[in-house]
Structure formats: C-alpha cells, structure tokens
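Have a look at the structure below, then the notes.
Derivation of every value follows stated rules applied to the coordinates shown; laboratory data play no part. This is a predicted model, so every value here is computed, not measured. Heads up, the Cβs are rebuilt from the backbone with ideal geometry, glycines too, and the neighbour counts pull from every protein chain shown.
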Amino acid sequence: MATAARKQDMPPPGGYKRIIYERNPARTYFSGYQMIAAYVGITAASCYVYYLTCKEIEHDEVEMRSGRFALAPMLTAERDREYLKQLRRNRDEEASLMANVKGWEVGTWFGEPVFKTLPADKLMDPTFNEFYVHTSYKEFAKRAMLKHWT
C-alpha cells in the first residue's frame with residue numbers, strides 16, 4: 001500500500017522576519033527642567049487667581065453683610081407691626097364672637113382684668129396658642145413646627 005509522503009512544514013525561504021524585542025522609548029517633548037518650570041509657573045498663576053477670587057468673595061460678603069445690617073431695623077419693625085396687627089385682629093374676632101354674651105368685655109374675664117397687677121397700658125404678650133387661636137389648624141401646626149426648629 002502506497003501512502004503519500006507527508007510534507008514537513010518548513011520555514012519560508014530566507015527565514016522568518018526578525019523579532020523586535022528591544023525597548024522602544026517614547027519621544028520626549030520636554031526635559032525635566034522644563035516640566036519643573038512649567039509646574040512652578042502654573043502654580044504661581046493659580047495662586048494669583050485664587051488670591052483675586054478670595055478678595056472678590058470677601059468684598060461680596062462685606063456688601064451682603066452691610067445690606068443685612070441696613071435692612072434689619074426695617075424688617076424688625078415690619079415684623080412687630082404685623083404682630084400688633086394680628087393682636088388687633090384677635091381682639092376684633094373675640095369681640096364679634098362674644099357679642100351675644102352679657103357682661104363680656106374684650107380683654108377681660110367677665111369684666112375682671114386677667115392681669116391685675118399690671119398697668120392698663122402694659123402689653124402682655126399672649127402665649128403661642130392664644131396668638132394663633134383664630135387661625136386654621138394647618139397654619140397653627142406649620143408655625144408650631146417652625147417654632148420648635150428655630
């Protein structure tokens with residue numbers, strides 16, 4: 001029985017190409033001194049910009065603080081004015097609610113002053129519940145929670 005001879009796999013004529021195994025260094029664009037000089041320059045420029053920004057922020061904070069100081073008396077006066085207006089609304093509501101009750105005088109307990117030792121022109125601040133007595137429960141609860149957190 002005749003079998004075909006196997007052909008052995010051999011290298012190409014002239015041999016294989018050379019295998020490159022040497023280190024191929026990257027191309028250098030900057031020297032070490034140039035990189036250090038660039039670092040120092042960028043850091044100096046950044047510090048200068050940081051200084052300018054800090055000055056601007058400080059200027060803005062002084063301006064905002066001055067504005068708050070200027071507005072504080074007016075806002076306090078408006079708050080006090082609204083407080084007195086609410087006290088007046090409470091008295092008017094009490095007068096309209098108790099109009100049909102004989103002997104009822106607004107601001108007293110059946111004709112007797114509530115605070116007997118205070119002069120008549122002294123304002124006694126009402127409690128939180130008394131102040132919000134004629135408002136809705138939703139408003140009362142909202143203000144009550146605000147009072148607890150401030």
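Chymotrypsin sites (Phe, Trp or Tyr not before Pro), restricted to the stretch 8-85: which are DSSP loop and have at most 14 other Cβ atoms within 10 Å?
Tyr16, Tyr21, Tyr29, Phe30
Once fully extended, how much extra length lies between Thr117 and Asp80, figured as 0.36 nm per residue of separation less the alpha-carbon to alpha-carbon distance? Can you show the working numbers first?
Details: separation 37, 0.36 × 37 = 13.32 nm, distance 2.50 nm.
Contour length minus Cα-Cα distance gives 10.8 nm.
Short version: ³J(HN,Hα) in whole Hz for each residue of the stretch 12-26, in order, from phi by Karplus 6.51 cos²θ - 1.76 cosθ + 1.60 (θ = phi - 60°), x for Gly and Pro, what are they?
x, x, x, x, 6, 5, 5, 8, 8, 10, 6, 6, 10, x, 6
Cα-based count: Lys pairs in the chain below 26 Å, eight or more positions apart or different chains?
For the chain, the number of qualifying lysine pairs is 9.
Give the long-range amide H neighbours of Trp104: residues separated by 5 or more places, or on another chain, with amide H under 5 Å away, using H modelled in the peptide plane at 1.01 Å from N.
none
Which length gain, in nm to one decimal place, applies between Ser96 and Gln8 when the Cα-Cα distance is subtracted from 0.36 nm times their residue separation? Intermediate results must be reported in sequence, preceding the final value.
On the way: separation 88, 0.36 × 88 = 31.68 nm, distance 11.93 nm.
So the chain would gain 19.7 nm between Ser96 and Gln8.
Taking the 0 to 90 degree range and rounding to the nearest ten, how far is the long axis of helix 137-149 tilted relative to the main principal axis of the chain, both from C-alpha atoms?
60 degrees
I need the per residue convex hull volume for the chain, using only the alpha carbons, in cubic angstrom as a whole number.
Details: hull volume 64.7 nm³, N = 150.
Taking only Cα atoms, the chain has a hull volume of 432 Å³ per residue.
Apply 1/(1 + (r/R0)^6) to the Cβ-Cβ distance of Glu63 and Glu139, taking R0 = 30 Å, and write down the FRET efficiency to the nearest 0.05.
0.25
Starting from the stretch 28-116, pick out the trypsin sites (Lys or Arg not before Pro) whose DSSP state is loop and whose Cβ has at most 11 other Cβ atoms within 10 Å. Spell out each step's value before the answer.
Details: sites: Lys55, Arg65, Arg68, Arg79, Arg81, Lys85, Arg88, Arg89, Arg91, Lys102, Lys116; in loops: Lys102, Lys116.
Taking the stretch 28-116 and a limit of 11 other Cβ atoms within 10 Å, the loop trypsin sites (Lys or Arg not before Pro) found are Lys102, Lys116.
Note the full-extension length gain between Thr28 and Leu146 as 0.36 nm times their separation in residues minus their Cα-Cα distance, in nm to one decimal. Before the final figure, lay out each step's value.
On the way: separation 118, 0.36 × 118 = 42.48 nm, distance 6.54 nm.
That works out to 35.9 nm of additional length.
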